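Only one structure is covered here, and it is reproduced in the block below.
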Amino acid sequence: MDLITKIKNKQRLTKEEANSLYDLDLYTLGELADDIRQELYSKKSYFNINRHINPTNICADICKFCAYSASRKNPNQYTMSHEEILDIVDNSVSIGAKEVHIVSAHNPNDGIEWYMGAFRKIRAKYPHLHIKAMTAAEIDFLSREYGVSYDEVIDMMIESGVDSMPGGGAEIFDEEVREYLCKGKVTSQQWLDIHQKWHERGRESNATMLFGHVESREHRIDHILRLRDLQDKTNGFNAFIPLVYQKENNFLKVKDFLSGQEILKTYAISRILLDNIPHIKAYWVTSSIGLALIAQEFGCDDLDGTIEKESIQSAAGAKSSHGMQLDEFISLIKNAGFTPVERDSLYNELRVYE
Ligand code: SF4
């Protein structure tokens, strides 16, 4: 049976078959991915009203692609107090945020309590606000730094009010590329093990893939299939987020930015291969809002959210430092021919903007 027929019949592709997907032309891949997307969600495009908070940029790790952590390229160190974090949360809730997305660098100065105390204070003040926090890389860092197990960190997070985990720190799972990109950080298997532990507690998380740097197409396929394998066991990932590498202000020498065609192919292939992960997110912060909207016709059904403020990707050149206004966001989605649907962090629909 040929590849296209197999996809149309909803049969799983082997790794070898998956590796040949990039040989298909963009429109064929787009049509195949869009068929799957339309069957699941019709013309709905999901987003949430959220606020990204990045409480510190002091980091014990040295990932080559990172422009966010304080380093010789970015000498401006900062660490927020709990009061500063709460002030941001207060402001965000007052303008409608339903989720705070909290991700930090690996700061060796503050201790586990700085993290958990912040979550507890947010939870105490806002019992219904969704707290998405702590990547698997942060959990691994706290475990190594303070001699506690992954299970203990995860249980502390849950006791402190964290609802779900973001998908960061996955980068690219291939061990050789990973060693080059971010030696010393959480390994691929550890990243997967941490998410498995989180899922086994009945919790959901996102999964990411950083692409467009030094990896090959085969590395992307390998990454996607490792996620598909774990999802078969746990069913805890609610969304896959391919993150487009941002090239400014970091130590990775990548001359060429990915073409829009390659980015769209990667979104479409993700939709085709991940038959067990419900949502594919075009994170507009890294792809640009224009391409994220086009991606809604190439298998993606989610755009993340209004964000309000973002520090990590914008440090590397993304045009996201001030997020996006809700009315502008909605009208862009409508103008692209899709129906904006505000969702909560677990993809329950809150409001459909007809
Ligand atoms: S990507 Fe994260 S862990 Fe790596 S250097 Fe940047 S802040 Fe630190």
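Take the residues in the range 193-232 that are of a type in the set (S, T, Y) and within 17 Å of the chain's Cα centre (by Cα), then tell me which one is farthest from I102 (Cα to Cα).
Among them, the one singled out is T208.
Scanning the range 140-179 for residues that are closer than 21 Å to H213 by Cα, over 17 Å from the mean Cα position of the chain (by Cα) and surrounded by 15 or more Cβ atoms within 10 Å (Cβ to Cβ) yields D174, V177, R178.
All conditions in (1) within 15 Å of the ligand (Cβ to nearest atom); (2) surrounded by fewer than 20 Cβ atoms within 10 Å (Cβ to Cβ) hold for W191, with the sole exception of (2). Filtering A118, A133, A105 for residues that are touching a residue at least 40 places away in the same chain (Cβ under 8 Å), touching a strand residue (DSSP E or B) at 6+ places or on another chain (Cβ under 7 Å) and surrounded by 15 or more Cβ atoms within 10 Å (Cβ to Cβ) leaves a single hit, A105. Taken residue by residue, the range 51-68 has no member that is under 18 Å from H101 (Cα atoms), within 9 Å of the ligand (Cβ to nearest atom), open to solvent by less than 30 Å² (accessible area, probe 1.4 Å) and small (G, A, S).
Within the range 224-252, residues that are without any contact (Cβ under 8 Å) to a residue 40 or more places away in the chain have Cβ atoms under 6 Å from residues that are open to solvent by less than 60 Å² (accessible area, probe 1.4 Å) and assigned to a loop (DSSP other than H, G, I, E, B) in no pair, counting only partners at least 6 apart in sequence or on another chain.
Which one of the conditions (1) open to solvent by 30 Å² or more (accessible area, probe 1.4 Å); (2) at pLDDT 80 or above does I312 fail to meet, given that it meets all the rest? Answer for I312: the failing condition is (2). Scanning the range 25-37 for residues that are open to solvent by less than 70 Å² (accessible area, probe 1.4 Å) and without any contact (Cβ under 8 Å) to a residue 40 or more places away in the chain yields one hit, T28.
The values are calculated or read from the model by the stated rules, or taken from the named source; none is laboratory data. What you are looking at is a predicted structure, and each value in this text was computed from that prediction instead of being measured. Here Cβ is always computed from backbone atoms with ideal geometry, including for glycine, and neighbour counts include all displayed protein chains. Only protein heavy atoms, including side chains, enter the accessible area calculation; ligands, DNA and RNA are left aside. Shrake-Rupley method; radii C 1.70, N 1.55, O 1.52, S 1.80 Å.
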